[in-house]
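S.K.: First the structure, then my questions, so here it is.
Derivation of every value follows stated rules applied to the coordinates shown; laboratory data play no part. From a predicted model like this one, the values you see are computed outputs, not experimental measurements. Cβ sites come from the backbone with ideal geometry, for glycine too, and all protein chains shown count toward neighbours.
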Amino acid sequence: MKNSIQLQLFQTTKQLNLSETYEIIPKGVSKNEKSIVWANENIAEPVEKPFSINGKSFISEISPAIFKDRKTKKQQSHFPDLRENRIEYAIISLASKQIVNIDDDKENNKVFTLKTTYYRIQKEIIEAINVVERKNLKPRDCPYNITSIKEALKILKMTTITVVNEDGKNEFIFNRIKNIFLQENNVHIELGNMITNYISSGDWRATDSYSILASRGNYELKLRVLLNLKFRFASKNSPPYSPSLSLIISKIDFNESKEKRITLQKVVKIIEGMHEVEVDRTIVDRKIVDAIIHIYPTDSFIETMIQNNKLTKRTKEAIS
């Protein structure tokens, strides 16, 4: 079973939270990343991104989807980016409301087939934006039209993620969407074991899902996911999450500036839009070389997490 393979790869106990592991694995590549190497003007090499789980080092190799570009009619590499992340989260959100559809394949691995429409995917994102931004938008106002959603689903299906452990002896290869069937306005999406585990565990319901789906930028989205993991059981007496600036830079792939002063300003500005922040700067020769960012969850966020954890408990009880 894939669960045991994953546990063996990540060399941890059976208590491993595969949902959290899935979030930690780098799966996207921003269009302007300098790490992209183009074999020619259309085809890119896979991008490797290091990450760690419980102090153990891994490499995520992201091999882009390759298919004919709508405009140039030439074969083109496509990496998953912000659009694909938001649409994947919309799919997870929709699927989390239909947990009774979880099944087992011939190898006894959990799979889930979501039967939905492009309109419903748009509606899921717009509902989140309306809640977070206090607007009254319609699904037609979604930042992604049907053509764009179709392309994003192809990228999620065709991009291959290969996770290799530190000594390079073990690999885990997966696609974010296992299978997909497109038919006019209907779409059938078969999700693999890792995402199905995410759904069946109820972990998505224990997130500030509206804020994640409504994220307008990659850094904002990645920070919201990170802080959801760190504040999963937040309370008014919880200590702050106090990562270093360097750690946050690596977690969200921040690459806009090499100057720490500017980077710190931009990162703090994003976090201040979510939570309360205090900063301890490390200064050498009058220059900021690093900082500790103390992040305190807001009262409204704490209440959201408390209510969502109650939903998660009900979900687990419903499928146990």
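S.K.: Say the cut-off is 30 Å between C-alpha atoms; which of Lys31/Lys110; Lys68/Lys178; Lys115/Lys230; Lys31/Lys260 go over it?
M.R.: Result: Lys31/Lys110; Lys115/Lys230 exceed 30 Å.
S.K.: When the helices in the chain are scored as -39500 (n - 2.57) per DSSP H run of 4 or longer and the sum is shared across all residues, what 222 nm value do you end up with, to the nearest 500 deg cm²/dmol?
M.R.: -12500 deg cm²/dmol
S.K.: Another question, then. Roughly how many debye, to the nearest 20, is the charge dipole of the chain about its Cα centre, given +1 on each Lys and Arg Cβ, -1 on each Asp and Glu Cβ, and no other charges?
M.R.: Working: 50 positive and 40 negative charges, 139 e Å.
Once rounded to the nearest 20, the dipole reads 660 debye.
S.K.: Still on this structure, please answer the following. Have a look at Lys157, Lys230, Lys74 and tell me which one the Gaussian network model of the chain (Cα, springs below 10 Å) gives the largest fluctuation.
M.R.: Answer for the Gaussian network model of the chain: Lys74.
S.K.: Next question, about the same structure. Over the alpha-carbon set of segment 175-310, divide Rg by the Kirkwood Rh and report the Rg/Rh ratio to two decimals.
M.R.: Rg divided by Rh gives 1.06.
S.K.: Say the dipole of segment 125-204 comes from +1 at the beta carbon of Lys and Arg and -1 at that of Asp and Glu; which of Ser200, Pro139, Thr160 then lies farthest toward its positive end?
M.R.: Projecting each Cα onto the dipole axis, the largest value belongs to Pro139.
S.K.: Just Ile248, Ile283, Ile271 to compare: in a GNM of the chain, with alpha carbon springs under 10 Å, which one fluctuates most?
M.R.: Judging by the Gaussian network model, the answer is Ile283.
S.K.: If one computes P(r) from the Cα atoms of segment 2-218, what percent of pairs lie at distances over 22 Å?
M.R.: Everything past 22 Å amounts to 53 percent.
S.K.: Using a 10 angstrom cutoff on alpha carbons, build the Gaussian network for the chain and name the most mobile of Ile92, Ile62, Ile306.
M.R.: Largest GNM mean-square fluctuation: Ile306.
S.K.: In addition: Identify, among Phe301, Ile59, Ser19, the residue whose Cα sits farthest towards the positive end of the charge dipole of the chain, taking +1 on the Cβ of Lys and Arg and -1 on the Cβ of Asp and Glu, with the dipole about the Cα centre.
M.R.: Of the listed residues, the answer is Phe301.
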